[in-house]
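> Below is the structure I would like to discuss, written out as structure tokens.
The values are calculated or read from the model by the stated rules, or taken from the named source; none is laboratory data. The structure presented is a predicted model; accordingly, all values stated were derived computationally and were not measured. Positions of Cβ are generated from backbone atoms using ideal geometry, with glycine treated the same way; all protein chains shown enter the neighbour counts.
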């Protein structure tokens, strides 16, 4: 278990100081600049393994224009329902902290409450969910669903929120088949500072990834420019069942923790790194500490992670080419149309020791800058989402041999 960092810990001040010193060394030391360039050259090779692969499973896809800017998707397999976290591409260019957009004043006030959708996979019907009990910001990102054992007609939906007052995790109650969600808890804690993904392990218990060390300001700009730094990101476990949310760090630090998912039995946690293209597998102990079990190179920058319900195989969205976020933000109206950003997803079969294999590759003509790929093997579909795109998700039909 990683040591907790209290308010009085010297680490609270050591890391910002280290960031400033790193910048000074990088600016004024030629050997350091040369080392930085060499390191990033090596990083390019490790993140572009699938750049030249042919398309696969992307020929029979239909883009859905009922929702936009859909960063994450989670499938509730028992009801054949996909829950999708979506927003406004043009407004995210101004305020969307995970995309290095921090100009809240430039974003329209009425856009600070984004949307949750459900997609009925069997009926091919998209519904914008009415959010009850919400006051204040809701700028979404990662999403997960937890079925309530005592009442199979209900689920809790966990959603990352990048509000102007700081990050939080929104916990909604949803009656399956209904068209609304009810906010039951907004989990806040200093440990939830740059949240990216969320993995629910109980009605109010969850793991999150923090994808940066600094939430904003000049130090965040320095981190984005000179990173990745090995101490920048972490995994936190949080319990929001009491009057106050309690969180603590349960992982060692990593360069770019991003997507996260938990096994069906809640005993294994999977965390992807978007900076070095690695999947880390952790065993979860009784007290929710993490023990590292394996580390798997992926060949691409990792984003959201999903699991197949029948065999525990991992589906993980990756960027097959190097990410060019400034370009994508400057051209949100063109993504998937005139600006095509290649997309990919991997399948890691549990029975084969989680060896990565390509399960989806697209040229970006459907979904560009894809951040999630969720597969429903029961209905043989893949649902892909794009965090900045108009026409925010696509549904792709899969042949039977893909799911063997």
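> Here are some conditions: (1) part of a strand (DSSP E or B); (2) farther than 24 Å from residue 332 by Cα; (3) touching a residue at least 60 places away in the same chain (Cβ under 8 Å). Residue 78 meets all but one. Which one does it not meet?
(1)
> Restricting attention to region 238-251, report how many residues are under 22 Å from residue 171 (Cα atoms) and assigned to a loop (DSSP other than H, G, I, E, B). Before the answer, list the steps.
Just the residues of region 238-251 that are under 22 Å from residue 171 (Cα atoms), to begin with: 238-250.
Going one step further and asking which of them are assigned to a loop (DSSP other than H, G, I, E, B), we end up with 240-245, 250.
So the answer is 7.
> If a residue has to be more than 23 Å from residue 48 (Cβ to Cβ) and in contact (Cβ under 8 Å) with a residue 60 or more places away in the chain to count, how many in region 307-333 make the cut?
Here is the first cut: in region 307-333, the residues more than 23 Å from residue 48 (Cβ to Cβ) are 307-313, 332-333.
Right, trim to in contact (Cβ under 8 Å) with a residue 60 or more places away in the chain and you get 308-310, 332-333.
Looking only at that region, the number is 5.
> Working only within region 136-147, note down all residues that are part of a loop (DSSP other than H, G, I, E, B) and more than 22 Å from residue 306 (Cα to Cα). Outline the logic, then answer.
Step one: filter region 136-147 for residues part of a loop (DSSP other than H, G, I, E, B), giving 136-137, 139.
Matches in region 136-147: 136, 137.
> Of all residues in region 156-174, which are without any contact (Cβ under 8 Å) to a residue 40 or more places away in the chain and closer than 16 Å to residue 83 by Cα? Please lay out each step first, then the result.
Initial filter on region 156-174 (without any contact (Cβ under 8 Å) to a residue 40 or more places away in the chain): 161, 165, 168, 170, 173.
Scanning region 156-174 gives 161, 170, 173.
> Would you kindly identify the strands (runs of 3 or more DSSP E) lying entirely within region 252-346 that contain at least 3 residues that are surrounded by fewer than 23 Cβ atoms within 10 Å (Cβ to Cβ), at pLDDT 95 or above and in contact with a helix residue (DSSP H, G or I) (Cβ under 9 Å, 6 or more places away or on another chain)? Working first, answer last.
Values: elements: 257-262, 268-273, 278-284, 290-297, 301-307, 314-319.
In region 252-346, there are no strands (runs of 3 or more DSSP E) which contain 3 or more residues that are surrounded by fewer than 23 Cβ atoms within 10 Å (Cβ to Cβ), at pLDDT 95 or above and in contact with a helix residue (DSSP H, G or I) (Cβ under 9 Å, 6 or more places away or on another chain).
> Is it the case that some residue within region 82-96 is within 21 Å of the chain's Cα centre (by Cα), under 24 Å from residue 347 (Cα atoms), at pLDDT 95 or above and not in a strand (DSSP E or B)? Reasoning before the result, please.
Here is the first cut: in region 82-96, the residues within 21 Å of the chain's Cα centre (by Cα) are 82-96.
Next cut, under 24 Å from residue 347 (Cα atoms) only: 82-85.
Still in the list and also at pLDDT 95 or above: 82-85.
Those still in the list that are not in a strand (DSSP E or B) too: none.
No, because not a single residue in region 82-96 is within 21 Å of the chain's Cα centre (by Cα), under 24 Å from residue 347 (Cα atoms), at pLDDT 95 or above and not in a strand (DSSP E or B).
> Taking the options 360, 354, name whichever one is farther than 30 Å from residue 95 by Cα and surrounded by 24 or more Cβ atoms within 10 Å (Cβ to Cβ). Write out each step before concluding.
Working: 354 fails: surrounded by 24 or more Cβ atoms within 10 Å (Cβ to Cβ).
Only one candidate qualifies: 360.
> Continuing with this model, one more query. Note down all Cβ pairs under 7 Å where the first residue falls in region 46-75 and is in contact (Cβ under 8 Å) with a residue 60 or more places away in the chain, the second is loosely packed, with under 14 Cβ neighbours inside 10 Å and in a loop (DSSP other than H, G, I, E, B), and they're at least six residues apart or on different chains.
Taking only residues 6 or more apart or on different chains, the pairs are 47/322; 48/322; 55/363.
> Report, by residue number, each residue of region 192-209 that is within 21 Å of residue 283 (Cβ to Cβ) and crowded, with 23+ Cβ neighbours inside 10 Å. Please lay out each step first, then the result.
From region 192-209, those within 21 Å of residue 283 (Cβ to Cβ) are 197-202, 205-209; that's our starting set.
Those that are within 21 Å of residue 283 (Cβ to Cβ) and crowded, with 23+ Cβ neighbours inside 10 Å: 197, 198, 199, 200, 206, 207, 208, 209.
Here's the yes/no breakdown for (1) at pLDDT below 95; (2) under 23 Å from residue 300 (Cβ atoms); (3) under 21 Å from the mean Cα position of the chain (by Cα); (4) surrounded by fewer than 12 Cβ atoms within 10 Å (Cβ to Cβ):
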{"residue": "25", "(1), (2), (3), (4)": "yes, no, no, no"}
{"residue": "29", "(1), (2), (3), (4)": "yes, no, no, no"}
{"residue": "52", "(1), (2), (3), (4)": "no, yes, no, yes"}
{"residue": "56", "(1), (2), (3), (4)": "no, yes, no, no"}
{"residue": "67", "(1), (2), (3), (4)": "no, no, yes, no"}
{"residue": "77", "(1), (2), (3), (4)": "no, no, yes, no"}
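> So in region 90-109, with the set limited to residues that are in contact with a helix residue (DSSP H, G or I) (Cβ under 9 Å, 6 or more places away or on another chain) and crowded, with 20+ Cβ neighbours inside 10 Å, which one is nearest to residue 225 (Cα to Cα)?
Step by step, filter region 90-109, then rank; the result is 97.
> State whether the residues of region 110-120 include one that is over 20 Å from residue 388 (Cα atoms) and either in contact with a strand residue (DSSP E or B) (Cβ under 6 Å, 6 or more places away or on another chain) or in contact (Cβ under 8 Å) with a residue 24 or more places away in the chain (or both). Spell out the reasoning first.
To start, the set of residues in region 110-120 that are over 20 Å from residue 388 (Cα atoms) comprises 120.
Okay, now just the ones that are also either in contact with a strand residue (DSSP E or B) (Cβ under 6 Å, 6 or more places away or on another chain) or in contact (Cβ under 8 Å) with a residue 24 or more places away in the chain (or both), so 120.
There is at least one residue in region 110-120 that is over 20 Å from residue 388 (Cα atoms) and either in contact with a strand residue (DSSP E or B) (Cβ under 6 Å, 6 or more places away or on another chain) or in contact (Cβ under 8 Å) with a residue 24 or more places away in the chain (or both).
> Please go through region 106-123 and pick out each residue that is assigned to a loop (DSSP other than H, G, I, E, B) and more than 14 Å from residue 67 (Cβ to Cβ).
Going through region 106-123, the residues assigned to a loop (DSSP other than H, G, I, E, B) turn out to be 107-108, 112, 114, 121-123.
Within region 106-123, 107, 108, 112, 121, 122, 123 qualify.
> For a quick check of your reading: which strands (runs of 3 or more DSSP E) sit entirely within region 148-232 and have at least 1 residues that are more than 21 Å from residue 131 (Cβ to Cβ)? Show your work before the answer.
Details: elements: 154-163, 166-175, 180-187, 195-200, 205-210.
Counting at least 1 such residues, we get 195-200, 205-210.
> All but one of (1) within 27 Å of residue 47 (Cβ to Cβ); (2) within 19 Å of the chain's Cα centre (by Cα) hold for residue 292; which doesn't?
So the condition that residue 292 fails would be (2).
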